[in-house]
Amino acid sequence: MEPKKTEAIILRTKDFGESDLIVTVFSSLFGALRGVAKGGRRSSKRFVNSLTTFSLVNLAFSERRSGDLVLLESCDLIEGFPAIRSDYNIFLRASYMVELTETLFPSNVQSSEMFQLLKFGLGSLSEKQNIEKTMIMFKARAMKIGGFGINLSRCSLCNRRYEGKGRALFHPSSGSIVCLGCEKESVLNPGMNPKTVQVLEDFQSTDPSLLQNVQCDDDIITELKRVLMMHVEHRLGKRLKSAKYL
């Protein structure tokens, strides 16, 4: 049987036996996979310089008759994103992206859209430009792809349509906005100005390659960081491990 081939991002590796590795990847065509790389800890033509965390690779693998692990046949490096591993703060943010991806899309849940977002996010972090904007964009888009987008069209309590005038409040339990007539702005219901709401809508719905064109100032970033932190934790029912280091 011919090996299956796909682009993939290396999420982590773990020593296995004397020379093998257990490798976890997020792939374009098959979602998250765990596989055995025979001889992966040694220099080899099949895996040389390609099994480093966060690397983008061309992967070939075969399914085994039993067990959850696939057999990695070969792995060719496309992009290593070395700048991520040279800066601890960037490394932490890349780790958050990976953890959020794995939480939203567990083993064998395929999403080429999420793969492209992770690929874009890691590339943007590696370039070390607009880091906070990149993180906000990634959270907003990842949650939308995962089925947890924030409803920005109308108040979830009175159903009045939001016309882009005045502040809108985020309502964590409904994953939506509410109007000032239904709730008061508070720590539990943080507010967003109309431009912030529009930026969030753009981040949720725009192709990643176009997101760098979305303009947002420090006030917008501050409002969206607060809203998205609450949204991610409420929808997932937990705080991601990597979040506490950020």
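The values are calculated or read from the model by the stated rules, or taken from the named source; none is laboratory data. Values in this document were obtained by computation on a predicted structure and should not be read as measured data. Reconstructed Cβ throughout: ideal geometry from the backbone, glycine too, with neighbour counts over all protein chains shown. When the accessible area is computed, the model is the full protein with side chains, heavy atoms only, and any ligands, DNA or RNA have been set aside. Shrake-Rupley method; radii C 1.70, N 1.55, O 1.52, S 1.80 Å.
What the table below lists for this structure:
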{"read-out": "The lone exception for residue 103 - which of (1) open to solvent by less than 50 Å² (accessible area, probe 1.4 Å); (2) free of Cβ contacts under 8 Å to residues at least 40 places away in the same chain; (3) polar (S, T, N, Q) it fails", "value": "(2)"}
{"read-out": "Test set (1) closer than 26 Å to residue 141 by Cα; (2) open to solvent by 60 Å² or more (accessible area, probe 1.4 Å); (3) assigned to a strand (DSSP E or B); (4) of a type outside the set (Lys, Arg) - residue 77 fails condition number", "value": "(1)"}
{"read-out": "Extreme residue, surrounded by the fewest Cβ atoms within 10 Å (Cβ to Cβ), among residues of region 185-210 that are aliphatic (A, V, I, L, M) and either part of a loop (DSSP other than H, G, I, E, B) or at positive phi (or both)", "value": "187"}
{"read-out": "Filter pass, residue 136 being open to solvent by 40 Å² or more (accessible area, probe 1.4 Å) and either more than 29 Å from residue 169 (Cβ to Cβ) or not in a loop (DSSP other than H, G, I, E, B) (or both)", "value": "no"}
{"read-out": "Residue check, residue 51 under 23 Å from the mean Cα position of the chain (by Cα), within 23 Å of residue 140 (Cα to Cα) and either at pLDDT below 95 or surrounded by fewer than 16 Cβ atoms within 10 Å (Cβ to Cβ) (or both)", "value": "no"}
{"read-out": "Single residue of region 155-167 satisfying the filter (open to solvent by less than 70 Å² (accessible area, probe 1.4 Å) and either of a type outside the set (A, V, I, L, M, F, W, C) or part of a loop (DSSP other than H, G, I, E, B) (or both)) that is farthest from residue 95 (Cα to Cα)", "value": "158"}
{"read-out": "Checklist (1) under 30 Å from residue 134 (Cβ atoms); (2) without any contact (Cβ under 8 Å) to a residue 40 or more places away in the chain; (3) in a loop (DSSP other than H, G, I, E, B) applied to residue 64, failing item", "value": "(1)"}
{"read-out": "Matching option when the condition is assigned to a helix (DSSP H, G or I) and either open to solvent by less than 20 Å² (accessible area, probe 1.4 Å) or in contact (Cβ under 8 Å) with a residue 40 or more places away in the chain (or both), among 170, 91, 148, 115", "value": "115"}
{"read-out": "Residues of region 1-22 classified as modelled with pLDDT of 95 or more and open to solvent by less than 50 Å² (accessible area, probe 1.4 Å), total", "value": "5"}
{"read-out": "Verdict on residue 238 being open to solvent by 70 Å² or more (accessible area, probe 1.4 Å) and either more than 15 Å from residue 150 (Cβ to Cβ) or without any contact (Cβ under 8 Å) to a residue 60 or more places away in the chain (or both)", "value": "yes"}
{"read-out": "Top-ranked residue in region 1-45 [being closer than 16 Å to residue 110 by Cα and part of a loop (DSSP other than H, G, I, E, B); ranked as nearest to the chain's Cα centre (by Cα)]", "value": "28"}
{"read-out": "Selected residue (only one of 70, 57 is surrounded by 15 or more Cβ atoms within 10 Å (Cβ to Cβ) and within 23 Å of the chain's Cα centre (by Cα))", "value": "57"}
{"read-out": "Subset of region 211-228 that is under 17 Å from the mean Cα position of the chain (by Cα) and surrounded by 20 or more Cβ atoms within 10 Å (Cβ to Cβ) - its residue that is modelled with the lowest pLDDT", "value": "211"}
